[in-house]
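Colleague: Following this message is one structure expressed as structure tokens.
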Amino acid sequence: MTVHLHEKGLFSWGEWAEQLSAELHKPGRAEDGSDYFDCWVAALSGLLISRGIADAGMILDLQKSWQRAAEATPHGKPILLENDPER
């Protein structure tokens, strides 16, 4: 998703690298890198919010919807947003 949004011109690769680096170096981050994915999501969310593409509430609602979809999807089946029972 990050590469696709970059290719669409929403941000430069340098901007992405700077945002991700800032997340990775925040106090309290795991020294072993085990929270790298969390940093990636926070960096991408921050870029989307700062550009006015999404707001924090929209991102949180979508995360919750994907979680509900994952929990409602039978094992071995693809997780689809349509599987969210609240949609």
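The values are calculated or read from the model by the stated rules, or taken from the named source; none is laboratory data. These figures come from a predicted structure and were not determined experimentally. With ideal geometry, Cβ positions are generated from the backbone for all residues, glycine too; neighbour counts draw on all protein chains shown.
Colleague: Is it the case that LEU81 is surrounded by 14 or more Cβ atoms within 10 Å (Cβ to Cβ), among the hydrophobic types (A, V, I, L, M, F, W, C) and under 17 Å from the mean Cα position of the chain (by Cα)?
Modeller: No.
Table: residues versus (1) part of a helix (DSSP H, G or I); (2) modelled with pLDDT of 95 or more; (3) not small (Gly, Ala, Ser).
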site: VAL3; (1), (2), (3): yes, yes, yes
site: GLU18; (1), (2), (3): yes, yes, yes
site: SER21; (1), (2), (3): yes, yes, no
site: CYS39; (1), (2), (3): yes, yes, yes
site: LEU44; (1), (2), (3): yes, yes, yes
site: ALA70; (1), (2), (3): yes, yes, no
site: PRO74; (1), (2), (3): no, yes, yes
site: PRO85; (1), (2), (3): no, yes, yes
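Colleague: Right, next: Can you tell me which condition ILE79 does not meet? The list is (1) touching a Ser or Thr at 6+ places or on another chain (Cβ under 6 Å); (2) modelled with pLDDT under 95; (3) among the β-branched types (Val, Ile, Thr), and all the others hold.
Modeller: Condition (2) is where ILE79 drops out.
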